[in-house]
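Shown next, in structure tokens, is the structure this report addresses.
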Amino acid sequence: MKNYRSAFWVNSLSLLVVIALIVYTKVFSASAGILFQPPVTPQDPSAGLLTHTFQLLCAVPPIICTFTFALLRAIQSPKKLNLFILYSALITGGFLINEIFRIHIILLRAGIPKLVTIVVYAAVSLGYGLAFRRKLKSTPYILLLSGIGLLFSAIAVDSLRLSGDGFPSLLEGVPKLFSEINIALYFWYVCYGEILRSLNSSPVE
């Protein structure tokens, strides 16, 4: 019954959000149908393939961190929160939302420079790193650092606004793709290790 009750509340809250969005679009837009407008289908199936792959990889860390956090709460005492995994889920989830909904582009159109968004996210990431520096040292943090370094190199290339068609996109896209490959691998290894340690330390009945 507990699972059904949770499902009921999730569906109810989701319905309220949908209704609120429909009302919002009816007030500020011509039609609420834009909420379910499908993305533009490219003429070439390979168009945006690696960009979509990057976005899929962005979903890996928040999903596995959220799953791991919930699983650890079930295995361990409910009062014992793994804050490292929790905040990892929140930060990577925020990055995923930004990439899917292009929040930095929306803010740019609203007059907020992209650099401001980057600085804010960098500051949050730095705070995360400082808060969990001891925990990070016990993990394969080289993967995380290499992923972050590649991401910032891609951001640097984007800020240069190089002219050309294919080469600038490759200079930005390749490091960006491999940054998320390494970050996804890092959190996969970390969450796998946390679950194993929790299972090994749990008392056998």
Number of the exception - Thr53 against (1) open to solvent by less than 40 Å² (accessible area, probe 1.4 Å); (2) β-branched (Val, Ile, Thr); (3) modelled with pLDDT of 90 or more: (1)
Report every pair of residues separated by at least 6 positions or lying on different chains whose Cβ atoms are under 9 Å apart, first residue within the stretch 174-186 and open to solvent by 40 Å² or more (accessible area, probe 1.4 Å), second at pLDDT 95 or above and among the hydroxyl-bearing types (Ser, Thr, Tyr). Phe178/Ser146
What residue, among those in the stretch 10-49 that are open to solvent by 70 Å² or more (accessible area, probe 1.4 Å) and at pLDDT 90 or above, is nearest to Ile97 (Cα to Cα)? Val17
Of Ser179, Ser169, which residue is polar (S, T, N, Q) and within 18 Å of the chain's Cα centre (by Cα)? Ser179
Going through the stretch 118-157 one residue at a time, which ones are touching a residue at least 40 places away in the same chain (Cβ under 8 Å) and open to solvent by less than 80 Å² (accessible area, probe 1.4 Å)? Tyr128, Ala131, Phe132, Lys135, Thr139, Pro140, Leu143, Leu144
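The values are calculated or read from the model by the stated rules, or taken from the named source; none is laboratory data. Everything quoted here is computed from the prediction, not taken from an experiment. Neighbour counts run over all protein chains shown; Cβ positions are idealised from the backbone, glycine included. Surface accessibility is based on the protein's heavy atoms, side chains included, excluding ligands, DNA and RNA. Shrake-Rupley method; radii C 1.70, N 1.55, O 1.52, S 1.80 Å.
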